[in-house]
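Trainee: The following block contains the structure, expressed as C-alpha cells.
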Amino acid sequence: MTATTVKPSRRRNRRAVWDEEPPLASKVGKALFLVCYAAAIVIPLWAVLATSLATDEALARAGGNMVFLPTEVSLQAYREILSGGAVTQSLLFTLMLTAVGTAISLTLTVAAAYGLSRPGSLWHRKLLTAILITFLFAPGMYPSYLVVQDLGLLNNMWALILPVCFSSWNLIVLRTFFMTNVPVELIDAARIDGAGEFRTLLKVVLPMSKAVLAVIGLFYAVGYWNTYFLAVLYTPGLEIKPIQVLIQQWMLTTTGATGQDAAAAAAVSAGMENAPAASLKMAAVICTIIPIVIMYPFIQKHFTKAVITGAIKG
C-alpha cells in the first residue's frame, strides 16, 4: 500500500482592491481634476485681488471690468474703505456680531452637550429626542419671522444671533466627542476630589476638548460672519448693517438700482471718489474674505481629530 502525498495548494497572495496600486490613467485623471478644481477656485480669487489693487489706468484699459494682471499696484481702495466710513463701521459691526454670537453659541452648545453626555441627567432622553426631531422638522420662514416679531427683536442685532445661536448638529458632534474621548475615570476622580459639575467641565472636560471646540467655534464664526438672509429678513431698518448686506447694496450701483436700494448704495459710496468703483467693491470683498482665510489654516489640522472622531464613534 503506497502512501499518497498531498501537495499543499498554492495560496495566491492577492492584495485587497484598495491596497492595489492605481493605474497610471487613474492617477493622471485625478491630478487633472484636482488642478482644474483648484484653478476654478484660485483664478476668481486672484482676479478679485488684482482688481482691488488696480489703478484707474489699468481698469480703463480693461474696459472697466476685472483686471487679471495689473501693471501697477495701488492701495487707494483699501485706504478709503478703512478710513472710517460706512464699510469700516459695517466691518466692525460684523466683527462684534461674530464675536458675541460665537461666544453665546459655544457656551450654549457646550453646556447642553455636556449635560446630555452624562447618563442619568435630568430629562436626558426627552431633551435629546426633542433636539433630534429638529433635524426632520425645521420651522418655516413665516413662523420664524412671527416669533422674532413677537419677541420685539426686529431691527435689532439680537435678531441675528438668538434664532441661530444653537445648532443641533454641532451639539450631537460635541456630545459624541465628550462621550467617546473624555475618560469616565477622570470625571469620577474629579468628583471624588470634591469637584462639582461646573468645575469638572471647566477643569477636566474642556481642556481635553480644545480641538473640537476650535472646529465648532469656526463653524459658528463663519455662519455669523456670512450673515445675509437673516439681516435682510429681520433687520431691514438697522442703521449699521452686516458687511455681506452692505456689499450687496453696494453692488446695486452697477445694476441700475432705483428707490431705496439706490439711496442705500449711494450712502455707502459717499466719500469714496478717489478710487475706482470696481477697485472699491473688490477691496470690500477681499476684506470679508481675509478673516476667514487667516483663521482656517490654524483650525484645519483639528478637523479629522474633532469632527470625524466625534461624528462616527458611539
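Trainee: On each of the three principal axes of the Cα atoms of the range 80-312, give max minus min coordinate, whole Å, ordered largest first.
Mentor: Projected onto its principal axes, the Cα set of the range 80-312 covers 68, 39, 30 Å.
Trainee: Another question, then. Could you list log10 I(q)/I(0) for the range 23-74 at q = 0.15, 0.16, 0.19, 0.20 Å⁻¹, which the Debye formula gives when each Cα is one point scatterer?
Mentor: These q points yield log10 I(q)/I(0) values of -0.52, -0.55, -0.63, -0.66.
Trainee: Could you line up Ile41, Ile247 from fewest to most neighbouring Cβ atoms inside 10 Å?
Mentor: Ascending number of Cβ neighbours within 10 Å: Ile41, Ile247.
Trainee: Taking N as the number of residues in the range 36-174, what value does Rg over Cα atoms divided by 2.2 N^0.38 Å take?
Mentor: Dividing the Cα radius of gyration by 2.2 N^0.38 Å gives 1.61.
Trainee: So what J values fall out for the range 113-128 if you push phi through Karplus, 6.51 cos²θ - 1.76 cosθ + 1.60 with θ = phi - 60°, rounded to Hz, Gly and Pro as x?
Mentor: 5, 5, x, 7, 7, 8, x, x, 6, 4, 6, 4, 5, 5, 5, 5
Trainee: Okay, next question. Mind listing which trypsin sites (Lys or Arg not before Pro) in the range 14-123 are in a DSSP loop and have 15 or fewer other Cβ atoms within 10 Å?
Mentor: Arg14, Arg15
No lab work stands behind these numbers, since they all come straight from the coordinates. Small disclaimer: the values here were computed from a predicted structure and weren't measured. So basically every Cβ, Gly included, is an ideal-geometry build from the backbone, and we count neighbours across all protein chains shown.
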